[in-house]
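Before any comments, here is the structure.
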Amino acid sequence: MKKSIFISMLLLLSMCLLAACGDSNAKKSNGNVSQEITYASTSDAAGLSPIDTNDSVSSNVTAQVYETLFIQDAETMEVKPLLAESYETPDDNTWEIKLRKGIKFHDGSPFNAEAVKYTFEQMKDPKRAAPRASLLAPISSIEVKDDYTVILKTKKPYGPMLAALSHTNAAIVSPKADKEGDINKKPVGTGPFVFEEWVEGDHITLKKNKDYWGDPAKLKKVTFKVVPETSTAISMLQTNKVQFIDNLPSDQLSRIESLKNVKVYKGKGTRVSYLGFNVEKEPFNDLKFRQAVAYGVDQEAYVNQLHGLGILNKSIIGPKIFGYDEKAKEEGYPYDQEKAKQLIEENGYKGKKITLLAANRDNYMKMAEIVQSQLNDIGLNAKIESMEWGTFLETTRKGNYEMTFLGWANSTADGSELLYPNLHSDNIDASNYSRYNNPEFDKLVDKSRESVDQDERAKELQEANLMVMKDAPWIVMEHGTVTAAYDESVKGLVVSPNGQWYLNNVSRE
């Protein structure tokens with residue numbers, strides 16, 4: 001009997017030792033997993049080329065693969081060199097930029113002045129129709145002085161030059177890869193992560209660039225997982241199937257904040273969200289109609305549902321953007337339902353059928369639902385059409401819509417680089433989705449870009465801002481906050497006011 005007990009105890013001890021070993025292996029396995037991170041995206045990227053895309057979903061990926069000459073500090077928004085080493089301006093129309101040496105693209109080809117010249121010329125080529133060509137529009141010539149010096153010439157001074165060169169869409173691509181393949185599907189940059197695969201509609205995977213010229217990334221693998229339903233993404237965050245989400249929906253905020261293993265970040269942002277008209281179509285080309293809608297939309301009703309994740313301010317240039325003037329805050333059309341009904345009745349628009357096009361993302365759908373109800377209340381007959389993100393972008397860029405909901409991240413945090421790409425007539429068929437065309441407005445925006453006197457620029461931006469607010473091609477729905485929720489194991493994540501984040505300094509512990 002005693003011998004039997006002794007044997008049983010030995011067996012039990014052996015099982016415990018095996019379990020301990022199992023725990024040890026599990027910890028080792030978790031250690032490997034901790035070198036990876038999965039981000040849940042509500043939609044797939046439109047593409048992976050900074051030249052050929054212009055949306056935040058795509059730039060989340062491209063910002064990890066490609067790099068720009070300059071970069072904005074995530075806390076101060078101050079511009080500092082990245083692929084550039086230094087710069088000087090011999091005169092107001094010349095920018096001489098020295099480049100870092102010894103850097104290679106992921107395909108082994110050299111990063112040099114020729115690569116910068118090639119990238120910028122592709123951005124400016126009308127045949128390529130880069131959606132953010134406006135960033136480099138003031139540049140009249142791109143010269144290679146030597147292998148590591150590029151000279152940018154402008155016909156007129158360009159005040160926001162450094163801000164433009166820090167934009168993710170001004171990232172430098174491998175000329176070899178662009179000529180020989182499709183960088184919109186297989187990106188090749190100089191960044192801390194290398195493209196591995198894209199299973200469209202499911203995920204994009206990046207891996208650590210072992211030959212990165214700077215401090216190497218701490219993560220070995222990054223996965224961008226497409227999770228269309230936000231509630232599903234939150235459940236995946238809770239169970240550690242994903243470790244990071246951003247652009248948190250207000251109606252799920254309390255749920256997210258209650259998760260024990262999750263940290264939440266909230267900060268003031270540069271983003272503006274708006275209801276836009278296609279002003280080339282009737283009746284949206286009629287100021288009276290746009291005014292009726294402007295009076296009939298109660299932005300406060302939308303902002304109140306954001307639970308602190310949005311700011312009510314009718315100015316197109318927001319509080320975190322250069323050129324903002326507090327006086328513009330209340331210069332938009334006030335909510336006046338009776339005035340809206342009167343304009344609808346007087347101008348023969350009662351019962352007019354209109355379609356609100358919305359991307360199938362939570363924030364835009366919520367805007368659409370609220371605005372639809374409000375427009376029906378003032379006598380219009382509004383319906384909602386939803387569309388997948390990539391298709392939506394292509395549809396709206398071509399002007400195949402009546403009214404829609406869009407946002408602008410304001411990555412440069414500069415008012416000129418908000419008004420010019422979005423509302424200047426130069427950018428119809430590119431980033432001017434409303435197809436707004438006002439020569440007087442264009443002149444003011446041009447002046448704000450062509451001056452290096454920041455006080456003068458601010459005055460011109462305020463005047464342009466007030467003009468376009470009265471003309472109402474946009475109705476501002478809210479100025480956003482930047483948000484993120486991430487597993488407590490994630491360390492070093494910083495979200496800029498423009499919503500951009502980089503994973504090269506992120507680790508998991």
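Put simply, region 265-347 fits an ellipsoid with semi-axes of 27, 15, 12 Å; these come from the alpha carbon gyration tensor as the roots of five times its eigenvalues, largest first.
Calculated FRET efficiency, THR355 to GLU196, Cβ-Cβ distance, R0 = 35 Å: about 0.30 to the nearest 0.05. Summarising the strand pairing of the chain, around 75 percent of its internal DSSP beta bridges are antiparallel.
Computed over region 307-451, the percent of Cα pairs more than 25 Å apart is 40.
Look at LYS447, LYS241 and count the other Cβ atoms within 10 Å of each Cβ; fewest to most, that gives LYS241, LYS447. Note that region 143-151 has calculated 3J(HN,Hα) couplings of 10, 9, 7, 7, 4, 10, 9, 10, 10 Hz, one per residue in order, obtained from phi through the Karplus relation 6.51 cos²θ - 1.76 cosθ + 1.60 (θ = phi - 60°); glycine and proline are x.
For ASN169, neighbours were defined as the other residues whose beta-carbon sits under 12 Å from its Cβ, and their charges (Lys and Arg +1, Asp and Glu -1) total -2.
Projecting the Cα atoms of TRP408, LEU343, HIS424 onto the charge dipole of region 269-480, computed from C-beta unit charges around the Cα centre, puts LEU343 farthest toward the positive end. The C-alpha atoms of the chain define a longest principal axis, and helix 113-124 lies at about 50 degrees to it. Using C-alpha pairs below 8 Å separated by at least 6 residues, the relative contact order for region 66-180 is 32 percent. Charge tally around PHE224: other residues with Cβ under 13 Å, Lys/Arg +1 each, Asp/Glu -1 each, net -4.
Contact order for region 271-361, expressed relative to its length and based on alpha carbon pairs under 8 Å spaced 6+ residues apart, stands at 32 percent.
Multiplying the residue separation of GLN342 and GLU121 by 0.36 nm and removing their Cα-Cα distance gives an extension gain of 74.4 nm. What FRET efficiency, computed as 1/(1 + (r/R0)^6) with R0 = 30 Å and r the Cβ-Cβ distance, is obtained for LEU259 and ASP182, rounded to the nearest 0.05? The formula returns an efficiency of 0.15 here.
3J(HN,Hα) along region 244-249, derived from phi through the Karplus expression 6.51 cos²θ - 1.76 cosθ + 1.60 where θ = phi - 60°, amounts to 7, 9, 9, 6, 5, x Hz, with x in place of Gly and Pro. Per-residue extension of 0.36 nm, minus the Cα-Cα distance of SER386 and VAL144, leaves a gain of 82.4 nm for this segment. Two decimals is fine: what is log10 I(q)/I(0) at q = 0.06, 0.07, 0.13 Å⁻¹ for the chain, from a Debye sum with one equal scatterer on every Cα and no solvent? The Debye formula, applied to the Cα set alone, gives -0.31, -0.41, -1.30. With the gyration tensor restricted to C-alpha atoms of region 154-270, the semi-axes of the equivalent ellipsoid amount to 32, 22, 15 Å, longest first. Residues in region 446-474 near a label at GLU331, defined as backbone nitrogen under 11 Å from the 7 Å Cα→Cβ point? Those under the cut-off are 459-471.
Taking Lys and Arg as +1 and Asp and Glu as -1, the other residues whose beta-carbon sits under 11 Å from that of ASN261 total 0. Which value in deg cm²/dmol, rounded to the nearest 500, describes the helix-derived mean residue ellipticity at 222 nm for the chain, given -39,500 (n - 2.57) per DSSP H run of n ≥ 4 and division by the residue count? Theoretical 222 nm ellipticity from helices: -10000 deg cm²/dmol.
Computed over region 66-180, the P(r) curve from all C-alpha pair distances, binned at 5 Å from the origin, holds 2, 12, 22, 27, 21, 11, 4, 0 percent per bin. Going by alpha carbons, how many degrees (0 to 90, nearest 10) lie between the helix axis of 56-65 and the longest principal axis of the chain? Taking Cα atoms only, the helix is inclined about 50 degrees.
Residues whose amide H lies under 5 Å from that of SER386, counting only those 5 or more places away or on a different chain, are ALA358; hydrogens are built 1.01 Å from N in the peptide plane.
Counting neighbouring Cβ atoms within 10 Å and putting the fewest first, the residues MET365, MET403 line up as MET365, MET403. Ranked for footprinting exposure by Cβ neighbours inside 10 Å, fewest first, ASP92, ASP52 give ASP92, ASP52. Averaging the sequence gap over all C-alpha pairs within less than 8 Å and six or more residues apart, then dividing by the number of residues, gives region 394-509 a relative contact order of 19 percent.
Placing dummy labels 7 Å off each Cα toward the beta-carbon, the span from ASP455 to GLU509 is 4.8 nm.
Quick note: the coordinates plus some simple rules give every number you see, no bench work behind them. Please read all numbers here as calculations on a predicted model, not as lab measurements. Glycine gets a Cβ as well: all are built from the backbone with ideal geometry, and neighbour counts include every protein chain shown.
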